[in-house]
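Here the structure is laid out as structure tokens; the discussion comes afterwards.
The values are calculated or read from the model by the stated rules, or taken from the named source; none is laboratory data. For clarity, every value in this text was computed on a predicted model and none was experimentally measured. Note that we place each Cβ from the backbone using ideal geometry, even for glycine, and neighbour counts take in every protein chain shown. Note: areas computed on protein heavy atoms with side chains; ligands, DNA, RNA excluded. Shrake-Rupley method; radii C 1.70, N 1.55, O 1.52, S 1.80 Å.
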Amino acid sequence: QVQLVESGGGLVQPGGSLTLSCAASESIFSINAMAWYRQAPGKQRERVAVITSYGIREYVDSVKGRFTISRDNAKNTVTLQMNSLKPEDTAVYYCNAAPPYVELWGQGCLVTVSS
């Protein structure tokens, strides 16, 4: 069974950048679409970005032009490059399949955007 571990979160000032990485315990090649989700305090979890095995990407409107999702099936990784971060990007970020598998939710990584 695949397990996903997120890393790369932290505290960053508004306008800064962070890169989140998601490492899978085994091949994710068979999972067509992988995504990054986030959950801000007091809000529901939302999908931020998704990438298919063909490299087709989609983003929620609030991060378009600022975030970039990528995947490396050979290395079993999914990455989220986040630029021009805003305080409203503060959340716990998770990677999972799209649609998500309940058993793949990990601990996530906290991203805090604050001056």
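Summary of computed values
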| read-out | value |
| --- | --- |
| Heavy-atom surface of the chain, accessible at 1.4 Å and reported per residue (Å²) | 54 Å² |
| Selected from S114, Q39, A74, residue furthest toward positive end of dipole (the chain; charges at beta carbon) | S114 |
| Relative contact order (percent, whole number), the range 41-82, Cα cutoff 8 Å, 6+ residue spacing | 28 percent |
| Gain in span if fully extended, K75 to Q44, counting 0.36 nm per residue against the direct Cα distance | 8.1 nm |
| Viscosity 0.692 mPa s, 37 °C: Kirkwood-radius Stokes-Einstein D of the range 1-66 over Cα pairs, µm²/s | 239 µm²/s |
| Set of aspartates and glutamates with alpha-carbon distance to K75 below 18 Å, sequence-local pairs under 8 removed | E6, E26 |
| Cα-based reach from K64 at 22 Å (exclusive), listing lysines while leaving out same-chain residues under 8 positions away | K43, K86 |
| Dipole-positive endmost among S30, L20, V2 within the range 1-83 (Cβ charges, Cα centre) | L20 |
| Relative contact order %, the chain, counting alpha carbon pairs below 8 Å whose residues are six or more apart | 37 percent |
| Sites matching chymotrypsin sites (Phe, Trp or Tyr not before Pro) across the range 29-63 that sit in DSSP coil, with at most 10 neighbouring C-beta atoms within 10 Å | Y54 |
| Cβ-isolated cysteines (cut-off 4.7 Å), the chain | C109 |
| Whole-number Å³ per residue for the convex hull built on Cα positions in the range 52-111 | 105 Å³ |
| The range 1-106: trypsin sites (Lys or Arg not before Pro) in DSSP coil with no more than 12 other Cβ atoms inside 10 Å | K43, K64, K75 |
| Stokes-Einstein D (µm²/s) once Rh is taken as the Kirkwood radius of the chain over alpha-carbon pairs, at 37 °C in 0.692 mPa s | 236 µm²/s |
| Percent carbon-and-sulfur accessible area, the chain, ignoring ligands, DNA and RNA, probe 1.4 Å | 50 percent |
